[in-house]
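Worksheet: the structure to be examined is printed underneath.
Read-outs: derived from the displayed coordinates by stated rules, not from any lab. Bear in mind that the values here come from a model prediction, so they are computed numbers and not experimental data. Every residue, glycine as well, gets a Cβ built from its backbone with ideal geometry; the counts of neighbours run over all protein chains shown.
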Amino acid sequence: MNQLSTNIGSLTLANPIVPASGTIGYGLELSEWMDLNELGAILTKSITLLPKKGNPQPRLFEIELGLMNSIGLENQGWPQFVSEIYPFISSLKTLKWVSIAGSAVSEYVELLSKLQDFQLDAVEINVSCPNVKKGGVPFCFHIPSLKELLKAVKKVNPVTKIIKISLESPPITDICHMIEDEGFSAVCIGNTVRGLVIDLEKQKPYFSNQIAGMSGPAIKPIALRAVWEVYQSGIKIPIIGCGGIRSVKDVLEFILAGATCVEVGSANLIDPTTMSTIIRDLMKYCEQNQLTLQKLIGLAHRKE
Amino acid sequence: MKHPVIGTVKNNRWLTPNIFELMVAFPDHSMEIKPGQFVELQCQGNHPVYLNRPFSPFMIRHQDWYFLIQNKGKGTNNLSHLQPGDKITMLSPLGKPFLPPTADNKILLIAGGVGLAPIYYYISHYLPLYPKLSITLLHGTSFEEDKIELPGYLDVLQYYFHADQSASQTNSNLFQYYQTLPKIDFDTAFVCGPLPMMRAFSRYFTKENRIHFVSLEMMMACGLGFCKGCSISTSDGMKSVCSDGPVFDGSELDWNLL
Ligand SMILES: Cc1cc2nc3c(=O)[nH]c(=O)nc-3n(C[C@H](O)[C@H](O)[C@H](O)COP(=O)(O)OP(=O)(O)OC[C@H]3O[C@@H](n4cnc5c(N)ncnc54)[C@H](O)[C@@H]3O)c2cc1C
Ligand SMILES: Cc1cc2nc3c(=O)[nH]c(=O)nc-3n(C[C@H](O)[C@H](O)[C@H](O)COP(=O)(O)O)c2cc1C
Ligand code: FES
């Protein structure tokens, strides 16, 4: 145990910093910029069963304090997981988390059962990607669909499972309690916020998929509010906070609001050493204030 | 381990009404950057932008890096206002370089507008290493006033310049101009400029079975291969322009999709 360690289910993370899915590929390129073993866990981009080409260009749009993306889960599917991704992440000493996504319940079930043959510490189940047309709305926007998915995947593969929802999931506290009641280990709050851009020249939506996902500092207050509300509603499973984090100050806010650990996303795109800096600053903070991180979780809710 | 480096602006001057040369000293930057590779610059200023912006070095002399930048929007406008003494953060080196030449290669370099930056860096990097290289440089701009005087090597290059005299921004006229020139003998061609221009040259070179590489430009978020924001579809599957490129074998690209 050290001052920064934190727990998700039966897992102990050396520190609460995890990359958000899709913002560091599967880690190979990031390893040129930081020692991935410093991380609380490594987390891959969401993989799907079959290769996905993703959405056509344009895929990016810059906003005042962040960006919008319409990547559309481009990935090379299961074969690449076996030939490239797993060999790479299994060479790391830190915890190994894999994110999965699908367009049907059966795809999630199949992926989870295939993953049983691999030594992973956790699987994050992405039920909230706004950028895929097939399947229409993300699972987490439709409670009956989400419930069906949760019931189907909970028994497959005994690995620690995290459900990643949208910050816009209606109503977010109910969904999180449903996830807890179904026996999942943690909930990640959350994915990008849906937004729209109109191209004035073409007088049409800028993205071919029309709606795209907003991320970065612009969404931090929304993510923080969501974490706060869910923690306040009395949930027992750990909350993983995600949205707009780029500094140790942001991390502390999320922890104080009730997050057990956090995921850093868009900030990696601006400075690939962000997570490394945050971990160092967090250590400094805890040492200077002589406290352990665990003591801070949810502390902002105290009544006095 | 790579790390972001902080440089100090030494000079910033307009070369043409729309193009400026930014000179930055990066004292602790020991890592070599090869022609065709690029960097991401942070563009803080009066109107800070969230994402970094990709640029190719134009020239490097000791610790001084020169960038040739066209004023386009917020980010480049911020850079144009940098003053000597201002600090700037850079991620480097990024992407895959141009294929290095062998000692006595005959090279054709084609640049449209500020596409001259990586092309000129190729010249200033490789000519001192391989003095027997035979290089032809073809540079095109929209207008005569956009012409950039080469800082050196003019005496050892075969040099052609052409101005479209129109603001079409397409520069495919450079290709028409190329066809009026006496036949240029070359082993490998490198092309960097606006997409329609690169498309015209690449289609022609592919048909003629000529080895040629293009440097693609795509809106980027990370420039590091993390996000898949800059993906293009190629005959060899999806590729990230920032990490699989920006240099691609022109004959392997599907120009209809670009
Ligand atoms: C590998 C590479 C090397 C480059 N080298 C040079 C160079 O040496 N000199 C030079 O003048 N320009 C270069 N560019 C282009 C330069 O990056 C863009 O012109 C610049 O990012 C525009 O930023 P802006 O904020 O001024 O314009 P904006 O107002 O943001 O946009 C103007 C145009 O630039 C494009 N653009 C905006 N943001 C980005 C981004 N993050 N990445 C790529 N394109 C973007 C947009 O699609 C738009 O068409 C290069 C681009 C790439 C990909
Ligand atoms: C380019 C990009 C790609 C992403 N890809 C995925 C993905 O594959 N799976 C996923 O669950 N979330 C994905 N996300 C969402 C992030 O993991 C994160 O939830 C979101 O960006 C909010 O955090 P941030 O503000 O720190 O970026 C992606 C985000 C971005 C910007
Ligand atoms: S810009 Fe992020 S992968 Fe190329």
Which one of A:Q210, A:A267, A:S169 is farthest out on the positive end of the charge dipole of chain A, using unit charges on Cβ (Lys, Arg +1; Asp, Glu -1) and the Cα centre as origin? A:S169
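Let me spell out the model: positive unit charges on the Cβ of Lys and Arg, negative unit charges on the Cβ of Asp and Glu, origin at the Cα centre of the range B:106-217. What dipole size does that give, in debye rounded to 20? Each step should come with its number before you reach the end.
Numbers: 8 positive and 10 negative charges, 98 e Å.
The calculated dipole for the range B:106-217 is roughly 480 debye.
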What distance in nm separates the two pseudo spin-label positions at A:K151 and B:Q165, each 7 Å out from Cα along the beta-carbon direction? 7.6 nm
Simple Cβ-charge dipole of the protein assembly as shown, Lys/Arg +1 and Asp/Glu -1, about Cα centre, in debye nearest 20: 800 debye
Roughly speaking, what is the centre-to-centre gap between the range A:133-199 and the range B:60-80 when only Cα atoms are used, to the nearest Å? 44 Å
Based on C-alpha coordinates, I'd like the Rg and Dmax of the range A:193-304, in Å. 17.0, 57
Report the label-to-label distance for B:L129 and A:D281 in nanometres (one decimal), using points 7 Å from each Cα along the Cα→Cβ vector. 3.9 nm
Just want the ordering: B:V156, A:V197, from fewest to most Cβ atoms lying within 10 Å of their own Cβ. B:V156, A:V197
Counting pairs of alpha carbon atoms under 8 Å apart in space and at least six apart in sequence, what relative contact order in percent does the range B:106-217 give? 31 percent
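For A:17-27, what's the mean count of beta carbons from other chains sitting within 10 Å of each residue's beta carbon?
Whole-number average of other-chain Cβ neighbours for A:17-27 is 2.
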Would you work out which of A:L92, A:Q80, A:P19 lies farthest towards the positive end of the dipole of the range A:6-299, given +1 charges on the beta-carbon of Lys and Arg and -1 on that of Asp and Glu, about the Cα centre? A:Q80
For chain A, the convex hull over Cα atoms projects on average to an area in nm² of 15.4 nm²
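Relative contact order for chain A: what percent, with Cα pairs under 8 Å and sequence separation of 6 or more?
Here the relative contact order equals 21 percent.
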Counting other Cβ atoms within 10 Å, which GluC sites (Glu not before Pro) in the range B:71-164 have at most 13 and lie in a DSSP loop? B:E149
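Count neighbours as other Cβ atoms within 10 Å of each site's Cβ, and list the GluC sites (Glu not before Pro) in the range B:173-258 that are DSSP loop with at most 10 such neighbours.
B:E208
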Between B:Q83 and B:Q176, what is 0.36 nm times their sequence separation minus the Cα-Cα distance? Round to one decimal in nm. 29.5 nm
Taking Cα atoms only, Rg over Rh for the protein assembly as shown with Rh from the Kirkwood formula is 1.01
What's the FRET efficiency of A:L196 with A:R225 using the Cβ-Cβ distance as r and R₀ = 25 Å, to the nearest 0.05? 0.70
In peptide B:37-50, what is the residue-averaged number of other protein chain Cβ atoms found within 10 Å of each Cβ? 2
In deg cm²/dmol, rounded to 500, what helix-only [θ] at 222 nm does the protein assembly as shown give when every DSSP H run of at least 4 residues adds -39500 (n - 2.57) and the total is split over its residues? -6500 deg cm²/dmol
Return the inverse of the average 1/r over all pairs of distinct C-alpha atoms in the range B:3-94, which is the Kirkwood hydrodynamic radius, in Å to one decimal. 13.0 Å
I'd like the mean, over residues of A:69-76, of how many other protein chain beta carbons sit within 10 Å of each residue's own Cβ. 3
Quick one: compute the contact order of the range A:17-102, relative version, from alpha carbon pairs under 8 angstrom and 6+ residues apart, as a percent. 37 percent
Per-pair calculated FRET efficiency, R0 = 35 Å: B:N46 and A:K204 via Cβ, rounded to 0.05: 0.65
If you take the square roots of the eigenvalues of the alpha-carbon gyration tensor of chain B and sort them as a ≥ b ≥ c, do you get rounded (a/c under 1.5), prolate (a/b over b/c) or oblate? rounded
Sort A:I198, A:I222, A:I17 so the one with the fewest other Cβ atoms within 10 Å of its own Cβ comes first. A:I198, A:I222, A:I17
Over 30 Å between Cα atoms, which of B:K147/B:K239; A:K295/B:K228; A:K220/B:K74; A:K151/B:K239; A:K284/B:K10 qualify? B:K147/B:K239; A:K295/B:K228; A:K151/B:K239; A:K284/B:K10
Between B:D254 and B:K207, what is the spin-label point distance in nm, taking each point 7 Å from the Cα along the Cα→C-beta axis? 2.1 nm
Pop the C-beta distance of B:M1 and A:S5 into the FRET formula with R0 = 25 Å and round what comes out to the nearest 0.05. 0.55
What do you get for trypsin sites (Lys or Arg not before Pro) in the range A:229-276 restricted to DSSP loop and a cutoff of at most 12 other Cβ within 10 Å of the site's Cβ? A:K236
